[in-house]
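Scroll down for the structure; my scribbles are underneath it.
The values are calculated or read from the model by the stated rules, or taken from the named source; none is laboratory data. Keep in mind the model is a prediction, meaning the values are calculated, not measured. Don't worry about glycine lacking a Cβ; one is built from the backbone with ideal geometry, like all the others, and counts go over all protein chains shown.
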Ligand code: FDA
């Protein structure tokens, strides 16, 4: 059987970075045979399409609280061991120009392809085998047997970097979970994250005519310690609501739950309308509301509340409060999400309790490592998921 020291399953962000980092660490100290397997025709396909083709490769605000996991502290060690600044330094050394778009999100000035090229350059001493599906991994008396359609490989170490289930069209499979289960590791049920939510007819009736309109909104979910709140862009679409604020909250939302939307987070609409009414209030309610909202949205809300053409002066406090509730405290119950087809990430995955947080090695299976999105660590939107891929790959590479 063909032998290797380390076989990395998956030539995505985590797998490529892990291969390069092992080689960098071993520099000048003799070789390890490292083989990276991927069933795709090209490496790093998700990197290529990420960030609208410019790859949001990290976030300067990276901290453990930017990640969802059943064990929120798990990621801390790896994130501390390889910070956003470390990746930026690497990007700088490669001469790749970048810019900060917003909220610490760093993008290439040019193309995401530059990040793929950087990763491929770093891992030149490893063997990259594309078009090579991983079928299964089995334990041997020493090491592992990796089955592929082109024959098996034997390795002392296996790194599972096969990502999550999002976007099957781009090569995503659940093989990483199957391998983890095969070795007795627990799985936190995977679900789609950073995904557009879908809405009931009554919400669609409001959203559809506003398709294309965007506002800065605050979208919230849950209460107490499980509360999540994001202030970001919200986009009305033919299918309901989308935009970064909705994608962020989708990772926290579970079927049956409601979300809260504040369409004018900097304004106290109840107080504002009362003040305008006190000044005479001859204007239409929609005109008054358009001080804080785009006119089309103000009109749509007034139409929904049967206040089209109504004058502000004629409205009692109860009506002003219902308008304010609709703007500042809009409660919606999404009916579902678009699912794996469009989800940017997978929430859940290999249970972190099965892994050592310093090395990403399975506690009960020496030589088996899990890194990147296959692990139950999922970042917010904004470059955090790539930073987790780099950091977890770096942690594993230090131990290999
Ligand atoms: P990744 O999915 O990158 O790689 C897994 C690899 O395993 C793939 O190459 C796949 O082909 C391979 N594989 C799967 N099954 C296999 C099998 N049976 N045999 C062989 N190979 C197999 N994040 C971010 O931080 N900034 C951003 O800008 C974006 N943008 C973005 C846009 C879009 C459209 C998507 C879908 C996702 C993003 N993301 C993102 C998320 C980011 O792409 C994601 O978190 C990382 O790519 C995860 O890296 P991994 O290496 O863990 O998995």
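Provide a single number: the residues in the stretch 12-48 that are part of a helix (DSSP H, G or I) and either at pLDDT below 95 or buried (at least 18 other Cβ atoms within 10 Å of the Cβ) (or both). Selection size over the stretch 12-48: 17.
Contact map, the stretch 365-392: first residue within 16 Å of residue 350 (Cβ to Cβ) and touching a residue at least 24 places away in the same chain (Cβ under 8 Å), second residue part of a strand (DSSP E or B) and near the ligand (Cβ under 7 Å from one of its atoms), Cβ cut-off under 7 Å, separation 6 or more or different chains; pairs are 373/345; 378/345; 385/345; 385/379; 388/379. Restricting to the stretch 204-214, count the residues that are surrounded by 13 or more Cβ atoms within 10 Å (Cβ to Cβ) and over 12 Å from residue 300 (Cβ atoms). Looking only at that region, the number is 2.
Just one of (1) more than 16 Å from the chain's Cα centre (by Cα); (2) more than 23 Å from residue 173 (Cβ to Cβ); (3) modelled with pLDDT of 95 or more fails for residue 59. It is (1). A single member of 124, 150 is surrounded by fewer than 24 Cβ atoms within 10 Å (Cβ to Cβ) and more than 15 Å from the ligand (Cβ to nearest atom), and it is 124. The residue of the stretch 294-348 that is farthest from the chain's Cα centre (by Cα), among those that are exposed (fewer than 15 other Cβ atoms within 10 Å of the Cβ) and in a strand (DSSP E or B), is 331.
Just to verify a result, which residue in the stretch 176-199, among those that are at pLDDT below 95 and not in a loop (DSSP other than H, G, I, E, B), is surrounded by the fewest Cβ atoms within 10 Å (Cβ to Cβ)? Here the residue is 198. Under the condition of being assigned to a loop (DSSP other than H, G, I, E, B) and buried (at least 20 other Cβ atoms within 10 Å of the Cβ), the residues counted in the stretch 260-291 number 2. Summed over the stretch 156-175, residues that are part of a helix (DSSP H, G or I) and within 7 Å of the ligand (Cβ to nearest atom) total 2.
(1) away from the ligand (no atom under 15 Å from the Cβ); (2) under 25 Å from residue 251 (Cα atoms): which one isn't true of residue 47, the others all being true? Tallying (1) away from the ligand (no atom under 15 Å from the Cβ); (2) under 25 Å from residue 251 (Cα atoms), residue 47 fails exactly one: (1).
If only residues of the stretch 206-244 that are touching a residue at least 60 places away in the same chain (Cβ under 8 Å) and part of a helix (DSSP H, G or I) are counted, the one that is farthest from residue 259 (Cα to Cα) is 209.
Using the structure shown, decide if residue 367 is closer than 30 Å to residue 206 by Cα, away from the ligand (no atom under 16 Å from the Cβ) and surrounded by fewer than 19 Cβ atoms within 10 Å (Cβ to Cβ). In short, no. When residue 233 is tested against (1) at pLDDT 95 or above; (2) away from the ligand (no atom under 16 Å from the Cβ); (3) touching a strand residue (DSSP E or B) at 6+ places or on another chain (Cβ under 8 Å), just one condition goes unmet, and that condition is (2).
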